[in-house]
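Engineer: Have a look at this one before I ask anything.
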There are 2 protein chains.
Amino acid sequence: MSSSSSSSSSLSRSETFSLFSLTAACVGILANTFQGDGEPLIASLALSGIAFSMCFAMIRWLGPTFIKAGLKGVDMSKHHKKEIPECMGAVCAVVYLLVLIVFIPFPFYKDIVAATSGGGNRDVMLHVEHVQQGRFLHRFPHSKLASYLSAILCLQSIAILGIGDDLFDIRWRHKLFIPAFACIPLLVVYFVDFGVTSIVIPIPLQPYLGELFDLGSLYYVYMACVAIFSPNSINILAGINGVEVSQSIVVALLLAFNDGLYLLTDYPHPATDSHLFSLYFLLPFLGVSFALLWHNWYPAKVFVGDTYCYFAGMVFVVVSILGHFSKTLILLLIPQIFNFIYSTPQLFGLVPCPRHRLPRFNARTGLLEPSITPWTPERQPKPPIAWGLKMLGKLGLLRVTLDEEGNFVETSNFTLLNLWLVWRGPLREDRLAVEITVMQTVVGLFGLFVRHRMALLIFNADNWSITDTSVPV
Amino acid sequence: MSSSSSSSSSLSRSETFSLFSLTAACVGILANTFQGDGEPLIASLALSGIAFSMCFAMIRWLGPTFIKAGLKGVDMSKHHKKEIPECMGAVCAVVYLLVLIVFIPFPFYKDIVAATSGGGNRDVMLHVEHVQQGRFLHRFPHSKLASYLSAILCLQSIAILGIGDDLFDIRWRHKLFIPAFACIPLLVVYFVDFGVTSIVIPIPLQPYLGELFDLGSLYYVYMACVAIFSPNSINILAGINGVEVSQSIVVALLLAFNDGLYLLTDYPHPATDSHLFSLYFLLPFLGVSFALLWHNWYPAKVFVGDTYCYFAGMVFVVVSILGHFSKTLILLLIPQIFNFIYSTPQLFGLVPCPRHRLPRFNARTGLLEPSITPWTPERQPKPPIAWGLKMLGKLGLLRVTLDEEGNFVETSNFTLLNLWLVWRGPLREDRLAVEITVMQTVVGLFGLFVRHRMALLIFNADNWSITDTSVPV
């Protein structure tokens, strides 16, 4: 998966040829969709291919520019510690946003014809039946445009704030709220445009709360929490080459797979619209992410920066909130949730937290080992914490080293990556990234299985199916 | 106008008190609009006050952070050349965008009630008569939301690209097209949402072309040209403390004054909606710009960066395109247009163009003088250029110095600021900024006078007045 060993900032001949061919094919497909009915899904696929090529080439070309501007970092887990460009996620974000904007006329094309044939008489609206009648609801009603735009706004906001974070190195206590600011456009437009704040109540609770329960303003708090959690959770499962991008790709692929389930059902599913919407955001995201992974995979030629992590997390938030499947998203982020909960002892200061907790590179073996927090005989954990640490050690959830007197000498740091290394022993960096990615995939597939097979046990239907617009979470 | 002489990054006690009072008053007004009918124009004013306070405080606080991140520059026109923060326009842009997003529920509030009272049945649309009936059309139909969002998108795009420009120092040949990329969302949504591409033909040409002429896709080219011109024209009328911001404030004030004319007419004007829309964008812009001017006025404590110039220019583009008064905008940018045309000999390489053409600081007198392009006896302009330079010298449009043999020794650089110094002699930096600002105001007022008094000579009516949505440029 890694690119050629050349570290220059130009594309090799075979790369140029491949990217050029891919771009040409995609442009051809795109031009073809203009001729026919203008299939937005095919257009989206073609644009995703173009996004891959653009992103691939720009990451390569802009490397020296980024280094010159001070956006650079040193890879701590290598023998040769040279500076490589940092914050390349910003390139992905810009390419992605450009593609999403250029894509607008495809799903909303029919409305254009209806709207402009009246010579500027924009009050020609499509009726609701019109929207519900198709097997694949490829064309969206005009009112969906505002949702689409609010999603782009939200992603642009997180890109700006992410770049700010990468530039100014904001403290993590403040960082945590960056996605909260970025999701304001999404919530505001949801409020103005959509306003559905009811959730379906599980069957055992229905006698007490009714079938639907209106959360009201609490629903916005819930959405904000999802929006804060998802980007940050991806940002803290980081520290080795490729892991930020590969976990994002897995989540995006699983979400896209889930969307596909709704498009391939035997009956026209009422949520088809929402899931097409989701695919339009996920496919170009996969395009730019694969381009980034190529350069970020071990041994990394570039770093992704916080921008990418926030951005990826926010893409998932946007599609799941607007598509009304935020609970499904949570099922796909189980490793991230585990990592966050597992990190809390250090995040909340119960155990000392070093500036960096990434796995330790053993220069002799070339392998990664769990990084540790050292304890001195003078500075020992307080009794309840000590008890907890020993307990975790016994459960195999922490590596604890004690001296003869029972004093703590060192404990491994509280991150999923370190825990994995405690379990699986020293691993090479790419091996660790592969294993984490496989684990994320397996857990995510299990999550989807639970969501589609088990949900029927506690809910009336797999999806609420009166009308598309009232599909609750 | 300049702030206290303290260059620290904290607010003085009186500043804290003033900003706090202003913010409290604005929050009070804002809360009040919730109680009553929710007047969006008053809410917008209150939010602009809050934007001023936020921006003022953040520019002060973030100074050291910007310098630490390498966003700094040296003021060449001062005795003491110390480094001050650069790119503070980015702070303005972020505050401005946040305010615009928070503002969304105010103008679109009535729709919320209509849309959400049906329990998520979003197909309850307001009828057109409903929109046209009010004296002041404070509430917008739902379909305007997409325009509003596309404007924010466009401004966010220019902010991202402007920050990129400030970080990476892009060459000006590439820079020129930054606004072209940023205006894509505006044009795409205009295409999907609006699609009016007709212009009103002046009376003398009506027998040949008809009353309305459909420019079709050329209309998009026209809009793109306005979008490329306006931000770049503000960016090249720069180089002394305060001039970028003060010219932008003048243009914004004149546009707001023009909008006011439509709100205060005796009869309900069909374009009221467009002009309210415009005010909602201009008022917060004035708020953040005054905060920036306070710090950027002579002697500058911060630089604004290309971000601000692009951003300001794009605000004007957005309001004038969506409000259908882009020709009025062009009348208000006459000094910028003159500056651009006057610059062409150097921009297009007919005359050598040094890296910086800002006026020369005479350290002895403390005054600014025109900066010059030197000529050597070996390197003289070609005959037609030489003739042109001498001609401009005779017309008083250039300072030309010749030696006894008639060879060029030096010519002043081709910028409006240098030309002004040729005319008015050496001036102190703030005096020059004041004079340019006054000139911009006078020319702009004259432009508005022409637009409203003279337009009737060549057009049937001051504004096309069948329906609001079909008001052409």
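Engineer: Taking the Cβ-Cβ separation of residue A:20 and residue B:428 as r and a Förster radius of 56 Å, what is the calculated FRET efficiency to the nearest 0.05?
Structural biologist: On the way: r = 57 Å, r/R0 = 1.02.
Working from the Cβ atoms, E equals 0.50.
Engineer: If Rh is defined by the Kirkwood formula over all Cα pairs and Rg also comes from Cα, what ratio Rg/Rh do you get for segment B:360-424?
Structural biologist: Values: Rg = 12.4 Å, Rh = 12.4 Å.
Reported Rg/Rh, Kirkwood definition of Rh: 1.00.
Engineer: Right, something else. How big is the A/B interface in buried accessible area, both sides summed, 1.4 Å probe, to the nearest 100 Å²?
Structural biologist: The A and B chains share an interface burying roughly 4400 Å².
Engineer: Related question: Taking the Cα-to-Cβ direction at residue A:445 and at residue B:394 and moving 7 Å from each Cα, how far apart do the two end points lie in nm?
Structural biologist: Result: 8.6 nm between the two label points.
Engineer: What's the angle, to the nearest 10 degrees (0 to 90), between helix A:40-68's Cα axis and the longest principal axis of chain A?
Structural biologist: 40
Engineer: Now a separate question. Checking the cross-link filter: which lysines have an alpha carbon closer than 25 Å to that of residue B:72, excluding same-chain neighbours under 8 positions apart?
Structural biologist: Cross-link targets: A:68, A:72, A:175, B:81, B:82, B:175, B:301.
Engineer: How about segment B:62-110: which trypsin sites (Lys or Arg not before Pro) there lie in a loop by DSSP and see at most 12 other Cβ atoms within 10 Å?
Structural biologist: Working: sites: B:68, B:72, B:78, B:81, B:82, B:110; in loops: B:78, B:81, B:82.
Passing sites in segment B:62-110 are B:81, B:82.
Engineer: Would you work out the charge dipole size for segment A:360-424 about its Cα centre, treating the Cβ of every Lys and Arg as +1 and the Cβ of every Asp and Glu as -1, and quote it to the nearest 20 debye? Let's see the in-between values first.
Structural biologist: Details: 8 positive and 6 negative charges, 59 e Å.
Dipole size: approximately 280 debye.
Engineer: Further, regarding this structure: Check each residue of segment A:73-103 and keep those whose accessible area, probe 1.4 Å, is at least 40 Å² smaller with all protein chains in place than in the chain alone; give them in order of residue number.
Structural biologist: A:98, A:101
Engineer: Can you return the lysines within cross-link range of residue B:390? Criterion is Cα-Cα under 28 Å, with same-chain partners fewer than 8 residues away left out.
Structural biologist: Residue B:390 reaches B:382.
Engineer: Another question, then. Work out how far the C-alpha atoms of the protein assembly as shown reach from end to end along every principal axis, then list the three figures in whole Å, largest first.
Structural biologist: 94, 66, 62
Engineer: Keeping all protein chains in position, work out how much accessible area residue B:415 exposes to a 1.4 Å probe, and write it in Å² to the nearest 10.
Structural biologist: The accessible area comes out at roughly 10 Å².
Engineer: In a shell of Cβ-Cβ distance under 10 Å around residue A:241, excluding residue A:241 itself, what net charge do Lys and Arg (+1) and Asp and Glu (-1) give? Let's see the in-between values first.
Structural biologist: Working: positive: A:78, A:301; negative: A:75, A:244, A:429, A:430.
Residues close to residue A:241 contribute a combined charge of -2.
Engineer: Quick one: with label points 7 Å out along Cα→Cβ, list the inter-copy distances for residue B:401 in nm, shortest first?
Structural biologist: Nearest to farthest, the other copies are at 7.4 nm.
Engineer: With everything on Cα atoms, drop me the angle between helix A:272-296 and the longest principal axis of chain A, reported from 0 to 90° to the nearest 10.
Structural biologist: The two axes meet at around 40 degrees.
Engineer: Could you pull the copy-to-copy label distances for residue B:362, with points set 7 Å along Cα to Cβ, in nm to one decimal and sorted shortest first?
Structural biologist: List, nearest first: 7.4 nm.
Engineer: Let me ask something else. Ignoring ligands, DNA and RNA, what accessible area per residue does the protein assembly as shown give at 1.4 Å, in Å²?
Structural biologist: Working: 40050 Å² over 946 residues.
With the other protein chains kept in place, the protein assembly as shown gives 42 Å² per residue.
Engineer: Continuing with the same structure: By how many degrees, 0 to 90 and rounded to 10, does the Cα axis of helix A:89-103 deviate from the longest principal axis of chain A?
Structural biologist: Relative to chain A, helix A:89-103 is tipped by roughly 10 degrees.
Engineer: Here is a further query. Tell me, how many Å apart are the Cα centres for segment A:237-258 and for segment A:42-97?
Structural biologist: Here the two parts' Cα centres lie 17 Å apart.
Engineer: Let me ask you something else. Starting from a label point 7 Å past Cα on the Cβ side, list the distances from residue A:13 to the same position in the other copies, nm, shortest first.
Structural biologist: 7.6
Engineer: Net charge within 11 Å of residue A:67 by Cβ-Cβ distance, Lys/Arg positive one each and Asp/Glu negative one each, not counting residue A:67 itself? Mind showing how you got there, number by number?
Structural biologist: Details: positive: A:68, A:72, A:82; negative: A:83, A:86.
Here the count lands on +1.
The values are calculated or read from the model by the stated rules, or taken from the named source; none is laboratory data. Since the model is a prediction, treat every value here as computed from it, not as a measurement. Note: ideal-geometry Cβ built from the backbone for every residue, glycine included; neighbour counts use all protein chains shown. Each accessible area value is taken on the protein alone, full model and side chains, heavy atoms only, with ligands, DNA and RNA left out. Shrake-Rupley method; radii C 1.70, N 1.55, O 1.52, S 1.80 Å.
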